[in-house]
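The values are calculated or read from the model by the stated rules, or taken from the named source; none is laboratory data. The structure displayed is predicted, hence computed values, not measured ones. Cβ sites come from the backbone with ideal geometry, for glycine too, and all protein chains shown count toward neighbours. Surface accessibility is based on the protein's heavy atoms, side chains included, excluding ligands, DNA and RNA. Shrake-Rupley method; radii C 1.70, N 1.55, O 1.52, S 1.80 Å.
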Amino acid sequence: MANFLKPAKHIDPLPEEQVDDTYKKLRLKVFLGIFLGYAGYYLLRKNFSLAMPALIDEGFSKTELGFALSAISIAYGFSKFIMGTVSDRSNARIFLTLGLVLTAIVNLLMGFIPVLTSSVFIMFIMLFLNGWFQGMGWPPSGRVLVHWYSVSERGSKTAIWNVAHNVGGGLMAPIALLGISITGTLTFGYLKGFEGVFIYPAIIALIIAFVSYILVRDTPQSMGLPPIEDYRNDYPNKEQQTLEVELTTKEILFKYVLNNKWVWMIAVANIFVYFVRYGVLDWAPTYLSEEKGFDLNASGWAYFLYEWAGIPGTLLCGYISDKVFKGRRGPAGFIFMLGVTIAVVVYWLNPPGNPLVDNMALIAIGFLIYGPVMLIGLQALDYVPKKAAGTAAGLTGLFGYLGGAVMANIIMGLTVDKLGWDSGFLLLTITSILAMLSFIFTWNKRGQEVVKS
């Protein structure tokens, strides 16, 4: 472990009369820091998709570009787990900022050096690096959340933070399109214009990285404050343990994560949830065009509504898991996935010629699916000590992206090609039911009650 990455040291406690005021100020600052920081990561997650039309005009095939694009999901899945183990033994302030700076550098290189978009192999390598550095965003954010927010409020706060990916992803397109326009004018003598999708979001991401570094702090104790559980008198277990001891990689992996049946349970559940999420999202434009008669513009709006409907849905899901179910995530996940299953069936069986019903079904799926996505990440934080949060979240992410997102493209594509859309939606419906049922296994589990001493 490089010295500059090591967790911030605890300092002498502040005077009692300063604790409350300092805690309130710093909690707001660190939350804003991880929100902006994670939104910054999403400014650089999907840029390549907007460059693909120009690359197709240059002679690349859709198959070639699809292969290159797959590098991001593959690298991200592995990185979220592997870099999560590093994050658990790092200063979240530095780790979050470092990952954002590195992914911005990769995008700047792709924008300013034409040879890096000249072949499928080189693009695959660059996008793999981008995906790998992208994996450095979630784990330190999770570390900050578990150190600065206690169990009974963590669902609501995690839900609000999770909206950062919708905000960043939503802002990416207009910034990238503006970047194309600017670069088309300021070509620097050798650029073609499309490179702006990489350059200008990366510049903004570097600014955000600096702001995040200013705002984020690693732990309350590094600022002279007591653990959050002591401050709020809100302990995660009956023994009132705060589990503040830094852990080795071996302890994290083999004592708290890899032998934790609850982590494995939600990791498998994440496969089902991600399969439904991306099975609907990635295939929506094609399905609506081929089966429902939507034109490209209408399909694009449906896609947009699906994504942005997730913001209020995520917030509601987090609130329900905190306030209604008192920190139990299973019931909220079950209810939301039940709604997803119903909406998927409506979306599938609605006959062509009823675009309002199709759009409402897509909005409902988008509204409901992001809550369970958030809850599984939150459960990963709940079921392990604070110092193992990034690793646990990384393992669930590995399963979600490799077993769910990638398979949603491959298996759905094969099923639809060979057997038609009805078979594809039957598969989606069954997977949605499995996701719904998987939340039953954690129905009564709250906070860190399952964590070993």
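A few remarks follow.
- Restricting attention to the range 44-57, the residues that are open to solvent by less than 10 Å² (accessible area, probe 1.4 Å), outside any helix (DSSP H, G or I) and over 30 Å from residue 219 (Cβ atoms) total 0.
- Check on residue 416, open to solvent by 10 Å² or more (accessible area, probe 1.4 Å) and either in contact with a helix residue (DSSP H, G or I) (Cβ under 7 Å, 6 or more places away or on another chain) or aliphatic (A, V, I, L, M) (or both): yes
- Members of the range 306-328 found to be touching a Gly at 6+ places or on another chain (Cβ under 8 Å) and either open to solvent by less than 10 Å² (accessible area, probe 1.4 Å) or not aliphatic (A, V, I, L, M) (or both), listed by number: 306, 307, 308, 310, 313, 314, 317, 318, 319, 321, 322, 327
- Test result for residue 393, crowded, with 24+ Cβ neighbours inside 10 Å and either touching a His at 6+ places or on another chain (Cβ under 7 Å) or at pLDDT below 80 (or both): yes
- The range 332-351 residues that are in contact (Cβ under 8 Å) with a residue 24 or more places away in the chain and part of a helix (DSSP H, G or I), paired with ones that are open to solvent by 20 Å² or more (accessible area, probe 1.4 Å) and not aliphatic (A, V, I, L, M) (beta carbon under 7 Å, 6 or more apart): 332/325
- Unique match (being over 22 Å from the mean Cα position of the chain (by Cα), at pLDDT below 80 and not acidic (Asp, Glu)) among 347, 287, 303: 287
- Residues being modelled with pLDDT of 95 or more, buried (at least 24 other Cβ atoms within 10 Å of the Cβ) and hydrophobic (A, V, I, L, M, F, W, C) - total across the range 70-105: 4
- Filtering the range 114-132 to residues that are among the aliphatic types (A, V, I, L, M), free of Cβ contacts under 8 Å to residues at least 40 places away in the same chain and open to solvent by 40 Å² or more (accessible area, probe 1.4 Å) leaves 115, 122.
- Looking only at the range 252-263, and only at residues there that are in a helix (DSSP H, G or I) and free of Cβ contacts under 8 Å to residues at least 60 places away in the same chain, the one that is surrounded by the fewest Cβ atoms within 10 Å (Cβ to Cβ): 261
- Of the residues 186, 206, the single one that is free of Cβ contacts under 8 Å to residues at least 12 places away in the same chain and open to solvent by 60 Å² or more (accessible area, probe 1.4 Å) is 186.
- Here 78, 60 are screened, and the one residue that is in a helix (DSSP H, G or I) and aromatic (Phe, Trp, Tyr) is 78.
- Residue within the range 19-35 that is over 19 Å from residue 213 (Cα atoms), over 20 Å from the mean Cα position of the chain (by Cα) and surrounded by 17 or more Cβ atoms within 10 Å (Cβ to Cβ) present: yes
- Filter result for residue 175 (under 21 Å from the mean Cα position of the chain (by Cα), farther than 28 Å from residue 123 by Cβ, open to solvent by 20 Å² or more (accessible area, probe 1.4 Å) and of a type outside the set (Lys, Arg)): no
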